[in-house]
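Okay, structure first, notes after.
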Amino acid sequence: MSSPKKLRKHYKLEYKRRIVQEYLRGEITTNALADREGLDRGQIYRWKVQLAEKSRDARIEEIADTEGVSLDQARQIRELEEELEATQRKLAQVVLENDLLKKLHQDYPSARKSSGYIETKQLLARSKGRVR
């Protein structure tokens, strides 16, 4: 005797998009969203990945159509786009950190002093010169 198979629910794409968008907005916790909708929390994460993959595939097809290139070339272009986006995010983070450090140095003159390493190195260099 075999155990009865659990029936899988099928959800419409629009429903999945709505749930994932709500999750991404961060206005409600994943647990609360899953409980409200009667879903497993992991399902929301799987839908997020699934929708991101669909979006990526659609972009690859769009590149192939508009640029007149093969799907392999379109995939490479999309990978380069993703790499560029990641680099731009990193650059934005570094620029923000740099601006914050500049502001810190302007607002707190005592922060302009070295961490002590350079001063210690200079003192050691001077003391070595005196010992001779």
Pairs with Cβ under 6 Å, 6+ apart, first in the stretch 50-77 and within 26 Å of Q21 (Cα to Cα), second open to solvent by less than 70 Å² (accessible area, probe 1.4 Å): L51/V20; R59/R78; I60/A74; I60/R78; I63/A74; I63/I77; R75/I60
When the residues of the stretch 22-49 are narrowed to those that are among the acidic types (D, E) and free of Cβ contacts under 8 Å to residues at least 12 places away in the same chain, which ends up nearest to E79 (Cα to Cα)? E22
I19 vs (1) without any contact (Cβ under 8 Å) to a residue 24 or more places away in the chain; (2) in a helix (DSSP H, G or I): all pass except (1)
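Would you mind stating whether V49 is of a type in the set (V, I, T) and surrounded by 14 or more Cβ atoms within 10 Å (Cβ to Cβ)? Reasoning before the result, please.
On the way: of a type in the set (V, I, T): yes; surrounded by 14 or more Cβ atoms within 10 Å (Cβ to Cβ): no.
No: the conditions fail for V49.
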Pair list, Cβ < 6 Å and 6+ apart or interchain, from the stretch 88-105 residues that are of a type outside the set (S, T, N, Q) to residues that are not in a helix (DSSP H, G or I): none
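Would you please name the residue that is farthest from K54 (Cα to Cα), looking only at residues in the stretch 66-80 that are in a helix (DSSP H, G or I) and open to solvent by less than 70 Å² (accessible area, probe 1.4 Å)?
Residues of the stretch 66-80 in a helix (DSSP H, G or I): 66-67, 71-80.
Subsequent filtering for residues that are open to solvent by less than 70 Å² (accessible area, probe 1.4 Å) retains 74, 77-78.
On the way: A74: 15, I77: 16, R78: 13 Å.
Per the stated criteria, the residue is I77.
The values are calculated or read from the model by the stated rules, or taken from the named source; none is laboratory data. Not measured: the values here are computed from a predicted model. Counting neighbours? That spans all protein chains shown, and the Cβs are built from the backbone with ideal geometry, glycine included. Heads up: the accessible areas ignore ligands, DNA and RNA and are worked out on the full protein's heavy atoms, side chains in. Shrake-Rupley method; radii C 1.70, N 1.55, O 1.52, S 1.80 Å.
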